[in-house]
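The values are calculated or read from the model by the stated rules, or taken from the named source; none is laboratory data. Quick caveat: nothing in here was measured; it's all calculated off a predicted structure. Positions of Cβ are generated from backbone atoms using ideal geometry, with glycine treated the same way; all protein chains shown enter the neighbour counts. Just so you know, the surface numbers come from the protein's heavy atoms only, side chains and all, with ligands and any DNA or RNA stripped out. Shrake-Rupley method; radii C 1.70, N 1.55, O 1.52, S 1.80 Å.
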Amino acid sequence: MSQEEKSNKISIEEVDYIARLSRLKMKPADKPVMQQQLSRILDYIEKLNKLDTENVAPTTHILPLGNVFREDEAKASLSPEAALENAPDKEGSFFRVPRVIE
Amino acid sequence: MELYQQTIHQLHSLLKSKKISSVELTKAFLQRISEQDSRIGAYISVTGDTALHQAAQADKLIAHGNDISILTGIPLAIKDNMCTKGLKTTCASRILGDFTPPYDATAIEKLKQQHYVLLGKTNMDEFAMGSSTENSGVRPTHNPWDLNRVPGGSSGGSAAAVASQQAVAALGSDTGGSIRQPAACCGVVGLKPTYGLISRYGLVAFASSLDQIGPITRDVRDAALLLNVIAGHDHRDSTSAPQSLPDFTAKLGKPIEGLKIGLPREYFSAGLGQEVAAGIDNARNILEKLGASFAEVSLPHTEYGIATYYILATAEASSNLARYDGVKYGYRHQDYDNLLQMYENSRAAGFGDEVKRRIMLGTYVLSSGYYDAYYLKAQKVRSLIIRDFEELFAEYDLLLTPTIPAPAFKLGERTADPLTMYLSDIFTISANLAGLPAISVPSGFSSSKLPLGLQLMGPPFSETKILQVAHAFEQETDYHLQHP
């Protein structure tokens with residue numbers, strides 16, 4: 001389909017819903033743009049439905065590896081100071097965030 | 001020839017025989033960067049002090065007569081999505097703010113063990129999402145061959161740094177073509193190794209089942225030499241392959257007689273540029289003269305690659321990028337009344353448009369009611385794409401294709417429409433979906449003197465053979481010796 005054609009594969013309400021799940025605040029003006037762009041990509045992706053995959057197993061991983069286990073041994077890791085070095089806000093050995101429980 | 005035009009293996013001999021020092025070499029590059037990079041934009045940060053310190057250390061080792069390794073004292077550039085201890089790592093994103101990793105990526109650790117020199121961190125599409133480096137949150141990178149054109153992406157900074165002689169070689173990362181496509185656009189060599197050959201520990205995650213680190217170099221031998229250093233199993237990456245490692249240079253220069261190479265017809269369809277097709281014909285003739293045989297073959301599911309990729313890669317990205325929450329590191333928005341608002345405002349202001357689009361798309365295809373229709377469907381089509389390759393590699397050693405359908409496009413040409421940009425990766429994406437190794441090598445120039453690239457793909461862990469054939473082709477041509 002051409003770029004000019006409008007598609008409404010997903011609605012503005014769905015854009016709102018997905019933005020909420022994605023933890024992204026969206027400006028009202030950006031929503032119709034996002035709606036159009038996502039709809040156009042989803043229209044393109046539809047082409048997969050031409051394929052019969054009834055009896056095809058999904059690929060989750062490329063290598064023939066199962067669970068990868070290791071010995072349960074204590075090893076050196078980052079110190080709390082190093083782990084907190086980049087925190088936008090911290091107190092003592094904790095990350096500080098806005099109040100969660102009212 | 002200037003120092004900054006030479007390869008790793010050439011400079012290694014000069015260092016080893018004490019004809020030059022690493023400090024001298026490093027200064028030549030820092031000088032070159034200060035002259036060139038304002039117009040190219042290859043680097044996000046130049047780490048001059050670190051570089052000179054590392055170079056002085058390397059010179060000490062050389063002076064003491066130690067048996068130095070191939071990378072000792074060699075100045076390299078690193079894509080800014082690999083963690084470098086104590087040095088800012090931004091992924092060209094505002095959301096990482098001044099993030100300064102408290103640890104090194106495994107690939108970086110391995111380079112350090114060899115006493116390499118870090119010149120700086122290179123520009124990229126934000127979180128490696130893009131094909132032109134225009135999605136960088138810092139600035140776009142320009143193609144050294146024509147400043148009005150893109151260098152490709154997402155490792156556009158690394159490819160442009162090598163092409164404009166601002167680094168001997170570089171590391172990039174490749175999720176859907178992000179090493180090979182910019183290498184082709186900039187006229188240098190780029191190798192995406194088999195999934196699992198190189199540890200992803202410390203590589204900032206985009207799509208974990210597809211991401212792979214690899215070298216961007218002036219010639220094929222350098223790619224093999226760098227691969228020798230960075231490859232190997234790592235207990236910190238459970239998806240790295242417990243594989244014994246060959247010497248990746250072992251077959252360079254060995255005859256390629258008798259090798260069977262397939263030409264997948266889906267890569268030579270109507271849309272292919274005339275000059276690109278002619279470049280592949282030329283490569284075929286050269287390799288035939290060296291004793292390889294060719295046959296037209298088919299990868300019937302090729303046309304589904306991009307759709308499959310944009311479901312799987314965005315789904316994985318939406319999950320991987322959930323970690324940017326303004327709590328642990330990076331950017332936090334100042335305006336919020338509660339935790340949810342802090343998340344939403346930080347992420348809205350911290351991520352660029354393309355990253356947001358992909359998080360949204362990935363969240364959508366994983367969301368309740370759509371998982372089977374999109375995500376599971378794409379995982380199944382991925383199996384079909386893999387099966388196509390397995391059938392061919394039962395009979396053929398390698399596949400030869402163009403890397404890019406046309407030379408580098410102009411800045412701004414594809415930014416208006418995300419889908420058009422996605423189609424830039426049409427020839428490179430399948431190797432990621434199937435986890436295969438693939439290399440791009442300079443294959444000539446367009447009439448307007450823009451580089452073109454050819455791609456060789458092989459079965460898992462066939463890097464030695466890919467490098468052998470790429471090297472055989474390169475030795476018969478001089479495309480890799482030309483400079484912008």
Quiz item: In peptide B:328-339, how many Cβ atoms from other protein chains are near each Cβ within 10 Å, on average?
Solution: 3
Quiz item: Would you list B:I286, A:I101 from the most to the least accessible area, probe 1.4 Å?
Solution: A:I101, B:I286
Quiz item: Once the principal axes of the Cα atoms of the range B:358-452 are found, what is the range along each, listed largest first in whole angstroms?
Solution: 51, 43, 14
Quiz item: Mind checking the mean number of beta-carbon atoms from other chains within 10 Å of the Cβ atoms in B:192-200?
Solution: 1
Practice problem: Give the Rg (one decimal place) followed by the Dmax (whole number) of the range A:1-51, computed from C-alpha coordinates and expressed in Å. | Solution: 12.1, 38
Quiz item: Dividing the alpha-carbon radius of gyration of the range B:77-174 by 2.2 N^0.38 Å (N being the number of residues), what value is obtained?
Solution: 1.03
Quiz item: So which residue, out of A:L21, A:L51, A:L78, gets the largest mean-square fluctuation from a GNM of chain A using Cα contacts under 10 Å as springs?
Solution: A:L78
Quiz item: Given 25 °C and 0.890 mPa s, how large is the Stokes-Einstein diffusion coefficient of the range B:362-413 in µm²/s, with Rh as the Kirkwood radius over Cα pairs?
Solution: 169 µm²/s
Self-check item: Solution diffusion estimate, µm²/s, Stokes-Einstein, the range B:440-484, Kirkwood Rh from C-alpha pairs, 25 °C, viscosity 0.890 mPa s
Solution: 214 µm²/s
Practice problem: Could you order B:E354, B:E391 by accessible surface area, starting with the largest, using a probe radius of 1.4 Å? | Solution: B:E391, B:E354
Quiz prompt | Surface/4 of the Cα convex hull for the range B:143-219, nm² | solution = 4.8 nm²
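On a 1.4 Å probe surface of the protein chains, which of B:I404, B:I426 comes out largest in accessible area, and what is the full order?
Numbers: B:I404 5, B:I426 65 Å².
Highest to lowest solvent-accessible surface, that is B:I426, B:I404.
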Practice problem: Just tell me how shielded A:62-68 is by partners: mean number of partner chain Cβ atoms within 10 Å of each residue's Cβ, no decimals. | Solution: 6
Exercise. Using per-residue counts of other Cβ atoms within 10 Å, averaged over each peptide, order B:413-425, B:104-116 from highest down.
Key: B:104-116, B:413-425
Self-check item: Cα convex hull volume per residue for the range B:3-252 (Å³)
Solution: 112 Å³
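Please work out the average accessible area per residue across the protein assembly as shown, using the 1.4 Å probe convention, and give it in Å².
39 Å²
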Self-check item: Over 37 Å [Cα-Cα, the protein assembly as shown], rounded percent
Solution: 30 percent
Exercise. Select from A:D89, A:D16, A:D52 the residue whose mean-square fluctuation is largest in a Gaussian network model of chain A (Cα-Cα springs shorter than 10 Å).
Key: A:D89
Practice problem: Any chance you could look up the accessible area of B:L87 with a 1.4 Å probe, heavy atoms only, rounded to 10 Å²? | Solution: 40 Å²
Self-check item: Relative counts (whole %) of C-alpha pair distances in the range B:297-393, using bins that are 10 Å wide
Solution: 15, 34, 25, 16, 7, 2, 0
Quiz item: How much length, in nm to one decimal, is gained on full extension between B:K260 and B:S448, taken as 0.36 nm per residue of separation minus their Cα-Cα distance?
Solution: 64.4 nm
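For chain B, what does -39500 (n - 2.57) per DSSP helix run (n ≥ 4), summed and divided by total residues, give at 222 nm, in deg cm²/dmol to the nearest 500?
So the helix-based figure for chain B works out to -11000 deg cm²/dmol.
Compute the convex hull volume of the Cα atoms of the range B:1-100, divide it by the residue count, and report the result per residue in Å³ as a whole number. Let's see the in-between values first.
On the way: hull volume 10.8 nm³, N = 100.
Measuring per residue, one finds 108 Å³ for the Cα hull of the range B:1-100.
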Exercise. Run the quick spin-label model on B:A56 and B:D247: label points 7 Å from Cα toward the beta carbon, then report their separation in nm to one decimal.
Key: 3.6 nm
Quiz item: Got the relative contact order for the range B:155-276 handy, in percent, Cα pairs under 8 Å and 6 or more residues apart?
Solution: 22 percent
Quiz item: So which GluC sites (Glu not before Pro) in the range B:222-303 pass both tests, a DSSP loop state and at most 13 other Cβ atoms within 10 Å of the Cβ?
Solution: B:E257
Practice problem: At 25 °C and 0.890 mPa s, grab the translational diffusion coefficient of chain B from Stokes-Einstein with a Kirkwood Rh over Cα pairs, rounded to a whole number in µm² per second. | Solution: 110 µm²/s
Quiz item: Roughly speaking, what is the centre-to-centre gap between the range B:161-227 and the range B:60-126 when only Cα atoms are used, to the nearest Å?
Solution: 14 Å
Quiz item: Relative contact order for chain B using alpha-carbon pairs under 8 Å, separation at least 6, rounded to a whole percent?
Solution: 17 percent
Practice problem: Keeping all protein chains in position, work out how much accessible area B:I8 exposes to a 1.4 Å probe, and write it in Å² to the nearest 10. | Solution: 0 Å²
Practice problem: Let me know the volume per residue of the alpha-carbon convex hull for the range B:170-326, in Å³. | Solution: 157 Å³
